[in-house]
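Enquirer: What follows is a single structure, and I will ask about it in a moment.
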Amino acid sequence: MFLSRTFNPVLHRLLSLPRYPQRVFPSETVKPEAAMREAVRLALLCVFAMLRRRFFIGATVNDDYKNKLTSFLFHNQQLNWAPFLDLRLWVLVVAGIINDNNEIAFWNIAEIHSTMKKLQISGWDSVLTYVREFVWVDELMEKASSPLSEFVSSFH
């Protein structure tokens, strides 16, 4: 009961934030801050869905959130995350944890690896150091990220 009272207002706030279009056409002006906010919003919705599933609160994880996050990242590759690479790494790791589409998974792992290079870090422990600075629940996400860590570590 306590968890649902805590989760629901935060979830409501996340769902109430303005949305960014899934795909931006070349003629449209791209506002990087709005696109980054949308990526973070979608990643947080996925984290909350995992937490809700873990603690049996209401609905289970919604495939729609998973698909929207991975699709949004894939279709907005031109976005310049340079000042916020650590945040990008967190979003990519969350997307990697929840992703079950092999084609997108390979792209996601390549993007995690590329972001690691830009941050000048190597090894999964360094990745965890960065992502734990954001929303991270070891009990839930550490185990879920294990397969991802193996793929990232073996990526060349």
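Just so it is clear, none of the values below were taken in a lab; they were calculated from the coordinates. Owing to the predicted nature of the structure, the values given are computational and were not obtained by experimental measurement. Cβ placement follows ideal geometry from the backbone for every residue including glycine, while neighbour counts extend to all protein chains displayed.
Enquirer: Taking the number of other C-beta atoms within 10 Å as the exposure measure, put E38, E139 in order starting with the fewest.
Expert: The fewest-first ordering by Cβ neighbours comes to E139, E38.
Enquirer: While we're here: Count charges around R132 for me, please; just the other residues with Cβ under 10 Å from its Cβ, Lys/Arg as +1, Asp/Glu as -1.
Expert: Once all neighbours under 10 Å are counted, the net charge is -3.
Enquirer: Let me ask another. Please compute the net charge surrounding R88, taking Lys and Arg as +1 and Asp and Glu as -1 over other residues with Cβ under 15 Å from its Cβ.
Expert: Combined, the nearby Lys, Arg, Asp and Glu give -1.
Enquirer: Fewest Cβ neighbours within 10 Å first, please rank F72, F48, F155, F84 accordingly.
Expert: F155, F84, F48, F72
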